[in-house]
Structure formats: structure tokens, C-alpha cells
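To start, the structure under review is shown below, and the notes come after it.
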Amino acid sequence: MPEGPSILILKEKLLQFKGKKVLDANGYAKGFDAEMLIGKTLKNIKTWGKHTLLVFPKFAVRVHLMLFGSYYINDRPKKNASLHMQFSNGEVNFSISSIKLIDEPLDEVYDWSADIMSKKWDSDKALTKLKAKPKMMICDALLDQKIFSGSGNIIKNESLFKAKLHPESIIAEIPDDKLKDLIAEVVKFSGEFLKYRKAGILTKNLQAYEKDICPRNLIPFHKTDTGKTKRHSYYCEKCQVLFD
């Protein structure tokens, strides 16, 4: 599943269609009538976490790539797209994606301060939200889009490693300073993620995610599914402290 930094890269690629009129549209996304876009002008592209928001007059279209989604710009998938849009200067195709119409003002739908890639990100609010869920494992909290919108399993694992925090730590037992350190690492690494992804060097710059050996202690990482989310965690039992 693409994480927040990758969605920002998608936004940059879509900006070539900003201000352009949709000449044709179709797709098999359930509950969404793509033909309503024909003749409408794409006013803007926004993002919130893992959501790409195509802004038209009076409404927006939310695109969520989910676990296995992909996009094609001036290219087409082998099978029919969830949403196809044709513009005068090219086309966009979203495949295996969730497409949803949003007719409310986006400021009423989205909490921009929860988006780890947004200029409106608020670390203090994130800390408050964490402390409101004292029994939650920190590995689950890092995947909670209401707290860390845009965070996924890569950001989870890398941030926990950098903050020297065990993924199964219980929020109530983690000192406030440690939580603040973690929040700072999430934001810092998310920026690095964006830079590395653009340069095509993300994988070789990861320290924990899908790695075998802890670069600090040169011992094998422990690899297991953690928390209620049951997502893969890679952690060092020596340097990542467990607060339980």
C-alpha cells in the first residue's frame, strides 16, 4: 500500500492535468458514476495521507489505492481501470482502487493536522491522540490514520527503530519524552522517504523494514506480526525498549 510520501509523488505527476477538462471518463469502481466527470474541469489535486483528492467544481473525487492499487499516466493497465480519465494532454488510469465521490467541503471531511506530510501537521495533537488510547500498542497507533495519516508499515518500522522503541510497547507505559521523540522521527523519516523515493534509492536507505540484521548491534532482527493490525514488524530486542 503506498504511503503518504508516495502519494505526494503521484500528486506531482497529476499536476499536468490541473486546469484541464475531462473529455472522457469511465471505470468499474462500485458506487461511482465516472461519466459525471465528463466536461468537468480538474481544478486542483490535494492529498490527505493515503488519499488522492481530485478537486472539481462543487465536488471532489477520492482515490485510494488500497493494498494492491496502481496508477498509469499516459498508459493503461492490462485490465479495465477503476477510473479512467481522458484529458486533451493525456490520460490517467487508476487500477484496483477505491473511488468515492465527496460532495462536502474537504475542510469538513479531513483533519489536515493529522497528515504527516502536511504543512498543517500538528505534533501536539498527535501526542494528545496517542495518550487518549493508553491501552493501544504503539505499532497499531502508527498505522491509525486518524493519528498519523499517511503512515504505513515502512514508516512504522523505520520510526520505531530510529526512536529505539519496541513495537509492542503499550502507549500508557511509554514516557512522554519517548512519545515525542517517536512523533519527531515519524515526521523526519517521512521527509527522507519522499526524498529517497524520488531518487529511486529508498530500499537501500532503510534500516529496519525487511532487513535481517540490526545495523546498531549487528544481531538478527526479530520479525513477527504485531498488534491488532497483524502487520509485519522488524525490531531489535537489544536496542528497542519494550514498555509494557
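What follows is calculated from the coordinates using simple rules that are stated; it is not laboratory data. Treat the numbers as computed from the prediction; the structure is a model and nothing was measured. Neighbour counts are summed over all protein chains in view; Cβ atoms, including those assigned to glycine, are modelled from backbone coordinates with ideal geometry.
For the stretch 68-144 and the stretch 1-48, what is the separation of their C-alpha centers, rounded to whole Å?
12 Å
Compute the Cα gyration tensor for the stretch 7-71, then decide on rounded, prolate or oblate, letting a ≥ b ≥ c be the square roots of its eigenvalues: rounded whenever a/c is under 1.5, prolate when a/b is larger than b/c in the other cases, and oblate in all that remain.
Oblate shape, in that a/c is at least 1.5 and b/c is the bigger or equal ratio.
Taking the number of other C-beta atoms within 10 Å as the exposure measure, put W112, W121 in order starting with the fewest.
Sorted ascending by nearby Cβ count, the order is W112, W121.
Once fully extended, how much extra length lies between A132 and F56, figured as 0.36 nm per residue of separation less the alpha-carbon to alpha-carbon distance?
23.7 nm
Using Cβ counts within 10 Å as a stand-in for footprinting exposure, how do D144, D225 rank, fewest first?
Arranged by neighbour count, lowest to highest, D144, D225 become D225, D144.
What Kirkwood hydrodynamic radius do you get for the chain when you take the inverse of the mean 1/r over all pairs of distinct Cα atoms, in Å?
19.2 Å
Going by average Cβ density within 10 Å per residue, which order do the peptides 168-174, 55-61 take, highest to lowest?
Per-residue mean Cβ counts within 10 Å order the peptides as 168-174, 55-61.
If neighbour count is taken as other Cβ atoms inside 10 Å, put E108, E210, E3 in order from fewest to most.
E108, E210, E3
Given the chain, what percent of its DSSP beta bridges are antiparallel, to the nearest 5?
95 percent
Work out how much length K195 to S123 would gain on full extension: take 0.36 nm times their residue separation and subtract the Cα-Cα distance, in nm to one decimal.
Gain on stretching K195 to S123: 23.8 nm.
Within the stretch 98-189, list the trypsin sites (Lys or Arg not before Pro) lying in a DSSP loop whose Cβ has at most 15 other Cβ atoms in a 10 Å radius.
Sites meeting the loop and neighbour criteria: K119, K120, K135, K146.
Short version: ³J(HN,Hα) in whole Hz for each residue of the stretch 107-116, in order, from phi by Karplus 6.51 cos²θ - 1.76 cosθ + 1.60 (θ = phi - 60°), x for Gly and Pro, what are they?
Using θ = phi - 60°, the values come out as 5, 8, 8, 10, 9, 5, 6, 8, 7, 5 Hz.
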